[in-house]
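Quick notes on the structure that follows.
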Amino acid sequence: MPAETEQRMEAFLVAGFDCFVDLTAPGERDSYDQWVPRTSLYLRKPIPDHDVPRLPDHMAEILVEIEAALREGRQVYVHCRAGIGRTGTVVGCYLVNSGLEGDAALVELNRLWAENERSRYWEEVPETPAQKEFVRTWRQPPPPPLKAAPLLPPPVSRSSEPRLATTAQSGARERFLGSFIGLAVGDALAAATQFRKPGTFSPVGDLLGGGPFAVPRGAWTDDTAMALVLAESLHHSAGFDANDQVARYGRWQKEGYLSATGECSGITASVSRALATAKYRRQPFAGSHDPAHEDKEVLSRVVATVMYFFADGREAVRQSVEAARITNQAPLVLDCVRLFAAMLHQALAGRDKASILKPGSELLDIESLKAPVRTVLEGAYLRNAPSTSKSSGGVVELLEAALSAFDRSRDFRGGVLEVVNLGHDSDIAAAVYGQLAGAFYGVNAIPGTWRNSLMRKDLLEETAGRLLASAMVERPD
């Protein structure tokens, strides 16, 4: 079967298809995503066989992905098992989104279906009356209304059971501060090693500054600045507002807003490109879908969304992915964001290392993760000795490098220096380690000389405190 699958994939690629939307559930059919080349896009969005999506938001998510791929000039192939029921439902809803009324969309869908050879054996699509009715009544759901979140938690009655128990503990503030300060410390420590090959520099053991952006000692760069901008947007908008985030990132890019030095230091080409595209297209989710673009810096700002939406772990993971999509939408990158967000949520909740490194299905859909990311969850990095950890590879390798150091660490200092001295993308790797280890060990475990040397330390602490207050707010479903 592998040879036949490879041949079929080759035929699709020759025909020009470079985006595959798979509506089947894991295990329903043999997997083929390993045959999809890195330059193509594979998206698994399961819908139950002979059925419709359980929630309108799931169909909306599928259509957003399809429309984004089409805007990028991709040829999209949508399929289920037989190509009749689930596929017809998705295409019918796409036609509604394109401007047709429900009944007209069904007419157009079946006109197109008549050109398919399979229509000789199955005259009308979608398959079931429920699927036809779903198309007929489909309306793209509006975004959820945003509600202001008070800075202090509301009083909890005796009869209520708060979804967030851990934030009431005395260690919550230490963990939240530790995670945000840990991010900035990791970012600042890596200034002297970023983009450099191991062996070409003396091992770093303290904050030095310098590096490719010639920053002063204690200065942090884009990794921390973008997390601060995202946190401010969440607070100012009382929730997730992609347009507001793009506008604030643009202000940081032009003015150095919320930076350590008043300048925009370290912005990557991919972030610049995404912000320019968002402005031109007036579409905030402008990150590339290209699997070859493994832009790792999205992992650096996960802390802001996980903290803000902490009261609901699954929502924290989902919103972290949404925030990443503004600058990158490659499936492998987004899955790494999902996994790291779940791990960070566990750390902020005060869990032990084993629970942090292996979050469960209560936080993320493990079976839907791409295979390389599932191997991370299974502990592939445990086989890596310090000398073989990589910060120069793709997003999976960088995440493994940070997790490998965290797993072996006995304190914050030892692990972060291990990551920093890997060179290459050490700023991102150290930022990832800093968020996780800072939450696990707490702010007081970060060397005081490093904490007190950070530029704009008051801004970092104020932001972490505000996020903690937001975490104590239970949001309605």
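Derivation of every value follows stated rules applied to the coordinates shown; laboratory data play no part. All values derive from a computational prediction rather than experimental measurement. Don't worry about glycine lacking a Cβ; one is built from the backbone with ideal geometry, like all the others, and counts go over all protein chains shown.
Potential lengthening of the chain between V64 and S361 amounts to 104.4 nm, from the contour at 0.36 nm per residue minus the alpha-carbon distance. Exceedance of the 19 Å cut-off in Cα-Cα distance is limited, within the set K296/K457; K296/K370; K254/K279, to K296/K457.
Full extension of the segment from Y280 to S368, taken as 0.36 nm per residue of separation minus the current Cα-Cα distance, would add 28.4 nm. Seen against the Cα atoms of the chain and their longest principal axis, helix 56-71 is set at about 90 degrees. Would you mind checking the tilt of helix 269-281 against the longest principal axis of the Cα atoms of the chain, expressed as 0 to 90 degrees and rounded to 10? With both axes taken from Cα atoms, the answer is about 50 degrees.
Dipole orientation for the chain: of the candidates F285, Y257, A311, Y257 has the Cα lying most toward the positive pole (charges on Cβ; Lys, Arg +1; Asp, Glu -1).
Angle of helix 242-255 to the longest C-alpha principal axis of the chain, folded into 0 to 90 degrees and rounded to 10: 40°. Take each peptide in 130-139, 99-108, 285-294, count the other Cβ atoms within 10 Å of every residue, and average; sorted highest first, the result is 285-294, 130-139, 99-108. The sum of -39500 (n - 2.57) across all DSSP H runs of n ≥ 4, divided by the residue count of the chain, sets its helix-only mean residue ellipticity at 222 nm to -15500 deg cm²/dmol. For the peptides 182-188, 249-255, the ranking by mean Cβ contacts within 10 Å, running from highest to lowest, is 182-188, 249-255. Placing unit charges on each Cβ (+1 for Lys and Arg, -1 for Asp and Glu) gives the stretch 166-471 a dipole about its Cα centre, and among S404, P212, G442 the Cα reaching farthest toward its positive end belongs to P212. Measuring between their Cα centroids, the stretch 166-231 and the stretch 404-443 lie 10 Å from each other.
Distance from the C-alpha centroid of the stretch 296-371 to that of the stretch 1-53: 25 Å, rounded to the whole angstrom.
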